[in-house]
């Protein structure tokens with residue numbers, strides 16, 4: 001994962017609640033065995049509608065998606081995060097993220113910016129009113145700002161996730177620091193726990 | 001239904017374990033016995049007892065291992081099966097879709113390379129990943145179970161802590177057999193009283209989701225409790241835990257009891273002899289202690305629950321079958337109002353229409369929610385006595401696994417379905433998510449025993465209504481939403 005420190009850019013308003021991962025990347029796209037190229041499938045069913053916000057030229061090149069509450073519900077598909085990143089998004093702002101989606105984001109360096117509902121609403125309205133409005137998201141400070149409007153807010157990131165994002169650390173590498181603890185744990189597992197040997 | 005709710009925010013202060021002899025919840029106990037490492041300012045490192053793998057969310061994880069020159073730490077704690085992509089007809093022939101075929105081949109190749117047991121299409125043990133774990137006896141009380149699939153919550157029915165993970169986490173578990181997790185809050189859902197006859201586990205869980213919403217369980221492990229839950233079979237408990245994620249909860253759990261132990265005893269991977277006795281003693285200690293605190297409690301009166309049908313595009317948009325399609329203006333919250341209006345437009349429904357007057361084109365009985373033997377028995381029972389599927393209706397039964405299919409055939413259920421006009425298919429995820437050829441056409445309306453009524457979930461432009469197997473079968477006969485009791 002590449003380090004993520006500050007994201008500055010224009011934003012797209014996606015004024016819907018409960019945007020599930022089936023909408024973010026429909027299941028037809030999940031047949032691919034690669035990790036790249038999912039941007040073309042991002043919201044592909046909604047993009048069939050010419051008026052859909054991602055089809056509006058004033059939002060081309062935006063790097064932040066501002067959405068309603070309960071973003072990323074449903075399927076655990078990390079393809080949703082890969083699709084958002086591949087399309088060019090670096091952060092998603094929402095008053096509430098589904099747990100698995102949020103986790104997947106932080107593994108890949110897509111910022112899940114969880115804001116107070118009133119700020120979420122204000123940002124949606126502000127970005128809808130002014131597609132040129134720039135937002136700045138600062139990982140170290142945990143802040144989201146629209147300097148032109150004097151809007152500012154904070155978002156939660158636990159210390160561990162923040163440091164991982166800032167340094168681009170690999171989770172597996174971090175866990176392997178505790179290799180000895182894993183080995184010790186393995187030595188005291190209950191004897192009845194199931195195992196499956198051999199190639200089925 | 002009568003409901004009550006309390007939120008105990010005071011106890012939600014951090015991730016430290018509740019130490020000493022303080023009463024603990026089932027999920028606390030399972031969490032604490034899997035702690036490998038704990039440090040201030042870091043998520044807990046949990047050991048994973050069972051890692052289930054399927055073709056869709058694993059290829060990129062195996063690529064990651066190869067890229068870093070890593071191996072699978074515990075192939076013997078890992079089991080793979082092909083389920084999402086597999087066709088449900090002509091499984092003796094090559095898979096027609098080359099992209100699906102490739103993904104299935106890649107799963108088998110990865111498992112062979114890393115020494116993982118794999119049940120490919122057509123294997124006697126193959127089936128939906130959340131069906132085969134329990135039926136092989138691999139899902140046991142007190143375990144941690146993960147899979148790159150959000151419906152991993154299913155296995156919580158055994159008193160396991162089971163949840164879905166993304167592909168990066170799949171790679172992490174393959175490499176280390178552990179997972180970094182922030183401690184989840186606890187939520188008790190008390191389902192009090194007896195559910196009326198004809199009300200199934202599916203109806204209970206839909207009623208719960210309707211009540212707490214798609215985000216009601218976010219950040220929480222749900223523990224389902226109360227008489228109506230204790231009265232359920234393991235199949236019913238799996239249906240309930242399966243849909244925890246539709247209420248936003250990564251995991252749902254039910255304390256193991258004699259129903260659990262009877263289901264497990266004699267299964268291929270269940271312990272035997274002395275080990276069975278030791279396991280049993282341990283499993284009996286898992287239930288939530290008297291006086292243990294939950295961060296949140298929701299109480300639901302089971303006696304008031306009726307068969308449920310979803311009307312919208314998320315599983316919380318649900319009403320009893322006796323109700324009408326709701327009017328968006330009846331929702332106080334503006335976001336809910338707008339979501340309802342959007343859903344009615346997508347679903348092609350008019351507010352005020354009685355659900356029983358909504359006609360259906362397709363009936364799908366299957367998915368990790370409702371494709372176990374008991375589900376098939378319940379649906380077949382509705383069709384007994386020569387009942388026929390309504391003319392023009394497409395009706396599919398997709399058993400959850402080859403063992404389920406074989407059992408159903410041994411009981412003659414396949415003949416009941418076929419005589420009624422249902423298609424009897426091969427096992428897989430099928431029309432639940434339409435990654436194989438089983439899809440809805442644009443505008444087609446489906447009564448489905450699956451778990452998600454999202455836009456396009458069963459095929460682009462398709463309209464999904466979630467129901468129980470009994471309601472699905474009755475609807476197939478009536479041509480519109482119906483309960484078995486409605487059939488003449």
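Sorted into 5 angstrom bins from 0, the C-alpha pair distances of region B:236-347 split as 2, 8, 12, 15, 15, 13, 10, 8, 7, 5, 3, 1, 0 percent. Using only Cα atoms, locate the centre of region A:1-28 and the centre of region B:169-231, then give the distance between them in Å, rounded to an integer. Spelled out, the Cα-based centre of one part sits 27 Å from the other. Rounded to the nearest 500, the helix-only mean residue ellipticity at 222 nm of the protein assembly as shown stands at -8500 deg cm²/dmol, with each DSSP H run of n ≥ 4 adding -39,500 (n - 2.57). Largest GNM mean-square fluctuation across A:173, A:142, A:153, computed for chain A with C-alpha springs under 10 Å, falls on A:173. Among rounded, prolate and oblate, which fits the protein assembly as shown when a ≥ b ≥ c are the square roots of the eigenvalues of its C-alpha gyration tensor, a/c under 1.5 means rounded, and a/b larger than b/c means prolate? Here the protein assembly as shown falls in the rounded category. Look at the alpha carbon pairs under 8 Å that are at least 6 residues apart: their mean separation over the length of chain A gives a relative contact order of 25 percent. The shape of region B:350-488 comes out oblate: with a ≥ b ≥ c from the C-alpha gyration tensor, a/c is at least 1.5 while a/b does not beat b/c. Could you tell me how many degrees, from 0 to 90 and to the nearest 10, lie between the Cα long axis of helix A:99-108 and the main elongation axis, the longest principal axis, of the Cα atoms of chain A? Between the helix axis and the principal axis of chain A, the angle is about 90 degrees.
The tail of the calculated P(r) for chain B, taken as Cα-Cα distances beyond 41 Å, holds 15 percent of the pairs.
Sorting B:95, A:113, B:418, B:30 from the fewest to the most surrounding beta carbons within 10 angstrom yields B:418, B:95, B:30, A:113. Helix A:117-129 and the long axis of chain A differ in direction by around 50°, with both axes built from C-alpha atoms.
Principal axis extents of the C-alpha atoms in region B:142-209 (largest first, rounded to whole Å): 48, 21, 20. Comparing A:24, A:172, A:100 in a Gaussian network model of chain A (Cα springs below 10 Å), the most mobile by mean-square fluctuation is A:172. Between rounded, prolate and oblate, where does region B:59-136 land on the alpha carbon gyration tensor, with a ≥ b ≥ c its root eigenvalues, rounded for a/c under 1.5, else prolate if a/b exceeds b/c? Taking the square roots of the gyration eigenvalues as a ≥ b ≥ c, region B:59-136 is oblate.
When B:34, B:308, A:167 are arranged by Cβ crowding within 10 Å, least crowded first, meaning fewest neighbours, the order is A:167, B:34, B:308. Overall shape of region A:60-168 was characterised from the C-alpha gyration tensor. The equivalent ellipsoid obtained from it has semi-axes of 21, 16, 14 Å, in decreasing order. Taking other C-beta atoms within 10 angstrom as a stand-in for reagent exposure, B:356, B:183, A:141 fall in the order A:141, B:356, B:183, fewest first.
None of the figures in this text is laboratory data; all of them are computed from the coordinates on show. None of the values given here were measured: they were computed from a predicted structure. So basically every Cβ, Gly included, is an ideal-geometry build from the backbone, and we count neighbours across all protein chains shown.
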